[in-house]
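Reviewing the structure listed below.
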Amino acid sequence: MKKTAEKRIKYPIEYEIKPAEINKGIWWLTLSLKNIGQQDLTALNVNLNPLDTYGLTVYGTGKHLASLKPKQKKSLVFQVSASRSTSLYVTVDGWKNGETLSWESPYTRIKVGEEVAELATLFSLTEPYPPVGKLIRVEATVQGLAESKGLTLEFWADAPSGKFKELAVLETKKLSAGEEARYAAELTPAEEGLYTIHAYLYDDGKQIGHQTDYVLVEKE
């Protein structure tokens, strides 16, 4: 079933990105913005931002709207180059009733092509602010989108010092459409500070998914 675009709301703007599903290559995405507030929005700089710039690139430096009055709706077109599914978010900077407006939308996922699976989630299963030396378990969920013969899942940790450490390389089981599987790795932090945990999903050597999570490690 083809994915349909969804209208989403974060006051004072209702927005929609179409289409919600595209093929790989260069395409146009239409962003619709509606002012659902009671005040004029003026001098708006609007940007469409991918979470994964490797999977999707938005061309240009954004769009400008002189005004968006209450209940008014306007559409903007952005050219993109897409290679894999990712999430986008919208930022709007301007003025509302003489005061500065800085607005950022929730994430909206855009499906690109016919991939066999997606890396749905990544979580660090640990207490808040774990101490140095305390074992941290990280867990990723892989969701099948079609029949797959098995994929490769890698876990990495980016330490506060800049060291990038491989935690695990796993082969997933065969997945059917709609099936989910969970996989885990472990990290024992040796430094205090912010760790960035990465999970990468590969299909026959081609990266089809990437998720990140963050853990703030404190002194013992």
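Readers should treat all values here as calculations from the given coordinates under stated rules, not as data from a laboratory. Here the structure is a predicted model, which is why all the values come from computation and not from measurement. Counting neighbours? That spans all protein chains shown, and the Cβs are built from the backbone with ideal geometry, glycine included.
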Handout entry: Backbone N within the range 34-60 under 20 Å of label point (7 Å from Gln79 Cα along the Cβ vector)
Key = 46-50, 53-60
Practice task
Give me the number: length gained by fully extending Thr100 to Glu191, i.e. 0.36 nm times residue separation minus the C-alpha to C-alpha distance, one decimal in nm.
Solution key: 28.8 nm
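If packing is taken as the average number of other Cβ atoms within 10 Å across a peptide's residues, how do 34-40, 116-122 rank, most packed first? Walk me through the numbers before you get to the answer.
Details: 34-40: 16.0, 116-122: 18.4.
Listed from highest to lowest mean packing, they are 116-122, 34-40.
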Fill in the blank from the handout: In the chain the DSSP beta bridges are antiparallel at a rate, in percent to nearest 5, of 95
Problem - Euclidean distance of C-alpha centroids, the range 1-55 and the range 172-197, integer Å - result: 30
Handout entry: In the range 1-96, the GluC sites (Glu not before Pro) that fall in loop regions by DSSP, at most 13 other Cβ within 10 Å
Key = Glu6
Completion exercise
Quick calc, the range 117-217, dipole around Cα centre from Cβ unit charges on Lys, Arg (+) and Asp, Glu (-), nearest 20 debye, gives 120
